[in-house]
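Step one of this worksheet: look at the structure below.
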Amino acid sequence: MKNNEPKKVEKEKIVAEKLNGRFAMLGFVALIGAYLTTGQIIPGFI
């Protein structure tokens, strides 16, 4: 028999995952900004 109860996820894990996603988006925007202003993906590296 299957247990059809939904799994419960702790609130801390949900907050951590949202924060991780926001930092990833911020990093991507910083990468695009650095590329547009300097023409290098990693400024100062080659």
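Would you mind calculating the gained length between Y35 and E5 on full extension (0.36 nm times residue separation, minus the Cα-Cα distance), in nm to one decimal?
Contour length minus Cα-Cα distance gives 6.0 nm.
Over the residues of the chain, compute the C-alpha Rg and express it relative to 2.2 N^0.38 Å.
So the chain has a normalised radius of gyration of 2.03.
Under a Cβ-only charge scheme (Lys and Arg +1, Asp and Glu -1), can you give me the dipole magnitude of the chain about the Cα centre, in debye to the nearest 20?
Magnitude of the dipole: close to 220 debye.
Rule-based calculations on the coordinates, nothing more; no lab input. Since the model is a prediction, treat every value here as computed from it, not as a measurement. Using ideal geometry, Cβ is built from the backbone for each residue, glycine included, and neighbour counts are taken over all protein chains shown.
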